[in-house]
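Data block below; observations after.
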Amino acid sequence: PTMAHSQALLVLENFIGGKFVPCSSYIDSYNPSTGDVYCRVPDSGKEEVEAAVKAAKDAFPAWSSKSPLERSQILNKLADLIEHDLEAFAQAESKDQGKTITFARTVDIPRAVHNFRFFASSILHHVTECTEMPTMGCVHYTSRAPVGVAGLISPWNLPLYLLTWKIAPAIACGNTVVAKPSEMTSVTAWMMCKLLEKAGVPPGVVNVVLGTGAKAGEALVCHPEVPLISFTGSTLTAQRITERSAPHCKRLSLELGGKNPAIIFDDADLSQCIPTTVRSSFANQGEICLCTSRIFVQRGIYSEFLKRFVAEAKKWKTGNPSDPTVDVGALISKEHLEKVRNYVKKAQAEGARVLCGEGVDPVALPPGNQKGYFMLPTVIAEVKDESCCMQEEIFGPVTCVVAFDTEEEVIKRANSVKYGLAATVWSGNVGRVHRVAHRLQSGLVWTNCWLVRDLNLPFGGMKASGIGREGAKDSYEFFTEVKTITIKH
């Protein structure tokens, strides 16, 4: 047996009503960088979700009647505790998800800490509205109250980062939660549960049920006493959630996929643009809904851009995620790697050119990582706009580079997909930047940068990229019920 099998497997448990609860059946979770099973995750279903919803309902009256300041202090304490264990969380996230230790240390875990601190602060600064009608002798004002039990379903690409981005505003607003992380990446959620009591989170305020979307997720979405669902994941799953929650009139926040364009005009500063666009294409193995996967380059600089971009992409080191010098870790699963590889094969079959990466360059891996799910940063040129590689979300380290001539043309082509999450525009012309940003069908537009986020501002997509927005004000509105009160005096 390999090392991984001779070591005792990590066995996770559900966290319900402030206690860890074993499950009757389990599923295997793999270490993506070795291909070995390293962890067993509860295969929860209706029963476990029922228990978690009951615990959350029981905890709701006391938690929702606490003052925002009291809740804020608890969120800050939780942030401190996660930050104190930052290294352990980063190691676990890297091993469980396949991402590089560097990315987990600098992005995932710090952002999880920030999520709690940000909402601990923002909850103290919301104001309600008031209007007067002197002629009627009336004054109107609004009041906001938490909704109840929030169902939170988070994906496998940024496990703790995206889970805490939901938990923090939900509990800051006074709701209690039942969360279901991805069954492929449940370890950091389980680790966070160990800190809740110490942070002062009362039992039942945060419940975590582990398992698959088909069983645990379905039970949560269909539960009549869970009035709202916040979901991050695929458009296909979101359609299922919408259908299943419709009979209960649930409130939904859906953050879905992207097929994000980068538009590079001939007056772009390539010394900034190229390293940032390599990062926006391949960070976290391209497994971020905000990654750039269609790069439109103005014809005058197309060949220079391509040459420099490929050279820069080739410098990115793929290998053991726990090596701090590695830039690209392992993809999440064997199935996902196969899916991403198939897109590259389809592009080749259609006559596109693969300039580096998959099928072109050899992958050199350390002995222990030979069975891991690795893929090199892959750049494809001469792809037609209607190709599935330009239309569908690949969610791997693959990007397509094509040329364009005019501003008018590139806006039309950038908008010609079903998604509308994020876009980047590279140009030194400030007038053009504003013009193009206004016309792109995209919830977020970054200019001459990528992934610079202010949590105060709305985050979310248009078209098939989702419904609703998250941010200081937006999350507050989603996680509370508003009431208009009229007083005649």
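The values are calculated or read from the model by the stated rules, or taken from the named source; none is laboratory data. In this text the structure is predicted, and so the values were computed from the model without any measurement. Cβ sites come from the backbone with ideal geometry, for glycine too, and all protein chains shown count toward neighbours. We work out accessible area using only protein heavy atoms, side chains counted, and drop any ligands, DNA or RNA first. Shrake-Rupley method; radii C 1.70, N 1.55, O 1.52, S 1.80 Å.
The Cβ shell under 15 Å around V221 holds other residues with a net charge of +3, Lys and Arg each +1, Asp and Glu each -1. Between amide H atoms placed 1.01 Å from N, distances below 5 Å from D36 occur with N31, all of them 5 or more places distant or on a separate chain. Summing charges over neighbours of S245, with a neighbour being any other residue whose Cβ is under 13 Å away from its Cβ, gives +1 when K and R count +1 and D and E count -1.
For region 261-447, build the convex hull from the C-alpha positions and give me its volume per residue in Å³. Working shown, then result.
Details: hull volume 20.7 nm³, N = 187.
It is 111 Å³ per residue.
Express in % the proportion of alpha carbon pairs of the chain at distances exceeding 30 Å. Tail of the P(r) past 30 Å holds 48 percent of the pairs.
Taking the helices alone, the chain has a mean residue ellipticity at 222 nm of -11500 deg cm²/dmol, built from -39,500 (n - 2.57) per DSSP H run of at least 4 residues and averaged over all its residues.
With a cut-off of 8 Å between alpha carbons and a minimum separation of six or more residues, what is the relative contact order of the chain in percent? Please report the intermediate quantities before stating the final value.
Numbers: 1116 pairs, mean separation 90.6, N = 489.
Once normalised by length, the contact order is 19 percent.
Between E87 and V11, take the C-beta separation as r, use R0 = 22 Å, and let me know the FRET efficiency to the nearest 0.05. Computed FRET efficiency for E87 and V11 comes out at 0.45.
With all protein chains kept in place, the per residue accessible area of region 261-447 amounts to 40 square angstrom at a probe of 1.4 angstrom. Backbone geometry of region 310-318 corresponds, through the Karplus equation with coefficients 6.51, -1.76 and 1.60 at θ = phi - 60°, to 3J(HN,Hα) couplings of 5, 4, 5, 5, 5, 6, 5, 8, 9 Hz, x marking Gly and Pro.
Annotation note: trypsin sites (Lys or Arg not before Pro) in region 396-489 located in DSSP loop regions with a Cβ neighbour count of at most 13 within 10 Å are K418, R453.
With kT/(6 pi eta Rh) evaluated at 4 °C and eta = 1.567 mPa s, and Rh the Kirkwood radius from Cα pairs, region 53-152 diffuses with a coefficient of 77 µm²/s according to Stokes-Einstein.
If you filter region 250-355 for trypsin sites (Lys or Arg not before Pro), then keep DSSP loop positions with at most 16 other Cβ within 10 Å, what is left? Before the final figure, lay out each step's value.
Working: sites: K250, R251, K259, R279, R294, R299, K307, R308, K314, K315, K317, K334, K339, R341, K345, K346, R353; in loops: K250, K259, K317.
Within region 250-355, the qualifying trypsin sites (Lys or Arg not before Pro) (loop, at most 16 other Cβ atoms within 10 Å) are K317.
For V177, the residues 5 or more places off, or on other chains, whose built amide H falls under 5 Å of its own are A150, V206, N207.
Accessible surface computed residue by residue for region 139-224, with neighbouring protein chains in place and a 1.4 Å probe, gives 22 Å² per residue.
Applying both filters, DSSP loop and at most 15 other Cβ atoms within 10 Å, to the GluC sites (Glu not before Pro) of region 179-228 gives E225. For region 465-473, backbone phi angles converted through the Karplus equation (6.51, -1.76, 1.60; θ = phi - 60°) give residue-by-residue couplings of 8, x, 9, x, 9, 10, x, 4, 6 Hz, Gly and Pro being listed as x. Between V363 and A437, the modelled label-to-label distance comes to 3.8 nm, taking each label 7 Å out from Cα in the direction of the beta carbon.
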